[in-house]
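A short write-up of the structure that comes next.
The values are calculated or read from the model by the stated rules, or taken from the named source; none is laboratory data. Just so we're clear, the structure is a prediction, and the values are computed from it rather than from any experiment. Methodologically, a virtual Cβ is constructed for each residue, glycine included, from the backbone with ideal geometry; neighbour enumeration extends over all protein chains shown. The area values use the complete protein model at the heavy-atom level, side chains included, leaving out ligands, DNA and RNA. Shrake-Rupley method; radii C 1.70, N 1.55, O 1.52, S 1.80 Å.
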Amino acid sequence: MTDAWKARMTIDPAYRVADLDPRIYGSFIEHLGRAVYGGIYDPGHPTADEDGFRQDVIDLVKELNVPIVRYPGGNFVSGYRWEDGVGPVDERPVQLDLAWRSLEPNRVGLNEFARWAKKADSQVMMAVNLGTRGIEDAKHLVEYCNHPGGSYWSDLRRRHGVDKPHGIRVWCLGNEMDGPWQIGHKTADEYGRIAQEAAKVMKWVDPSIELVACGSSHAKMPTFPDWERIVLEHAYDEIDYLSLHTYYGNRDGDLANFLACSLDMDAFIRTVVATCDFVRAKKRSRKTIYLSFDEWNVWFHSNEADKQVEPWQVGPPLLEDVYTMEDALVVGCMLITLLKHADRVRIACLAQLVNVIAPIMTENGGPSWRQTIFYPFQHASNLARGTVMHAPVESPKYDSKDFTDVPYLEAVPVWNQEAGELVLLAVNRGERPLPLEVDVRGFPGARAEEHLVLAHPDVKAVNTKERPNEIVPAKRAVEPVDGGRLAVLLPALSWNVIRLSV
Ligand code: AHR
């Protein structure tokens, strides 16, 4: 006889998904809204350093422990001339950014961003413009960034004060080229060909780079998943990763349905993996294409406000979602979903990092604070490193408007063998506390160390400048492991981190 309102899982060292690639905890800074101007860069700010970068923001990014940051877009990149952002700052042109109807002053360009990334202990993941530009420009950019010297573009970098090459390893071949909103939108065949040729030439300049081709902008695109198939049929041999993007929102106030949206993300990943492997079979190839889920988050709160923003401003307040407790739960479920696919998802980027649909918010010239979604990301990125474990969950389930059999418990264990630690990330989607029994008999001597919880009596509660600590994680008492079994109670609508020493 089993309890109906109880979840169970077994974690055994024999069952592993993969050693996770730390780049699964990547993020994204686009020249959009106040991400750059007023976000990472605010020369008049009291904490600004000699380069005009806010130290308080760098400190928060370090708390998130982000190993790689995608740059400079996003939709922005499809009209971007990277040359406008290098060389003497006062000679750089101010350009119209058509993607976000903003003014781009080019006071921050790739050399400044690379400096910032270094200060934030992160790597740059660079996107080339395959909207208005093409192969030649992509070749010049790789040469400028990665070639040591002795050629026009690499020497230009040196004249710009950057003697050593940036050594940027991961490059995106454009952005969302399947989307009609994109400058230079393409058909799958058009994109597949230019991605293939640009990739070939970029690798001729620097064979050590890794390339990400654009997959679909989201799984509801009419061209999905034919887009993936066709692009791969052209570019399979030249690329290393295929991108996925997705954003969710609780537009109709249906909490149960909103919390289930990570099941859609899971199905999206499975379909893209299947499509990659279909093309591999068709090509009789032995190469595996990995996934770069390089835009994911909740995004909907700011949609209406954005329609009122005056165009052609520098750093306008665009996409400034204020995240609720329920958004943090969805972000937690999405993180768990990405980790469960760590065998194929090698790179992922929380979109974005500062002010624009972001875990970190700032006021221009004023304070910075952590949004609710900061915490699940911070916990996972800092604590869940090592080997993702395969641990099927037995959980009560529910049906919602768009999903059936949604487990109340979403969970994944990650085993850090070096640290001797097993970390369980778990979300309770239910509106009442959920008892969970974890069988860890496969780890003799396992000891429960810590249970961190993010929860709030009001799922619509938010952190703001005035109340930055309305939602913060709390520690709960942990029961000792008894006979190889750990019993925990997951509070209603909560994000949980359970740490065991093993
Ligand atoms: O992250 C915001 C935008 O969402 C990006 O610029 C674009 O790639 C996507 O549609």
With Cβ to Cβ distances under 11 Å as the rule, what net charge do the other residues near Ser122 carry (K, R +1; D, E -1)?
+4
Beyond 31 Å (Cα-Cα) in this structure, taken from Lys220/Lys282; Lys118/Lys186; Lys62/Lys283; Lys62/Lys164; Lys220/Lys307; Lys118/Lys340, we find Lys118/Lys186; Lys62/Lys283
DSSP beta bridges in the chain: the antiparallel percent, rounded to 5, is 60
Scalar couplings 3J(HN,Hα) for the range 415-432 by Karplus 6.51 cos²θ - 1.76 cosθ + 1.60 (θ = phi - 60°), nearest whole Hz, x for Gly and Pro, are 9, 9, 5, 4, 7, x, 9, 10, 10, 10, 9, 8, 10, 9, 7, x, 8, 9
Here the relative contact order (percent) of the chain, from C-alpha pairs under 8 Å and at least 6 apart, is 19
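When a/c is below 1.5 the answer is rounded, else prolate if a/b is larger than b/c, else oblate, so apply that to the range 59-180 with a ≥ b ≥ c taken from the square roots of the Cα gyration tensor eigenvalues. Display every interim value, and only then the final one.
Numbers: a/c = 1.32, a/b = 1.07, b/c = 1.24.
Rounded is the answer for the range 59-180, as its axis ratio a/c remains below 1.5.
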J(HN,Hα) series, the range 221-233, from Karplus relation 6.51 cos²θ - 1.76 cosθ + 1.60, nearest Hz, glycine and proline x:
4, x, 8, 7, x, 4, 3, 4, 4, 5, 4, 5, 4
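Can you give the calculated 222 nm mean residue ellipticity of the chain, where each DSSP H run of n ≥ 4 adds -39,500 (n - 2.57) and the sum is split over every residue, rounded to the nearest 500 deg cm²/dmol? Show your work: numbers first, answer last.
Values: 11 runs with 124 residues, N = 502.
When only DSSP H runs of four or more count, the value is -7500 deg cm²/dmol.
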Carbon and sulfur %, accessible surface of the range 1-147 computed with the full protein complex present, 1.4 Å
49
For the chain, what does the convex hull of the Cα positions come to per residue, in cubic angstrom?
149
Take every Cα pair under 8 Å in the range 175-281 that's 6+ residues apart, average their separations, divide by the length, and report that relative contact order as a whole percent.
28
Tell me the label-point distance for the pair Arg441, Glu470, using the 7 Å Cα-to-Cβ offset, in nm and rounded to one decimal.
4.7
May I ask you to give the solvent-accessible area per residue for the chain, in square angstrom, as obtained with a 1.4 angstrom probe?
39
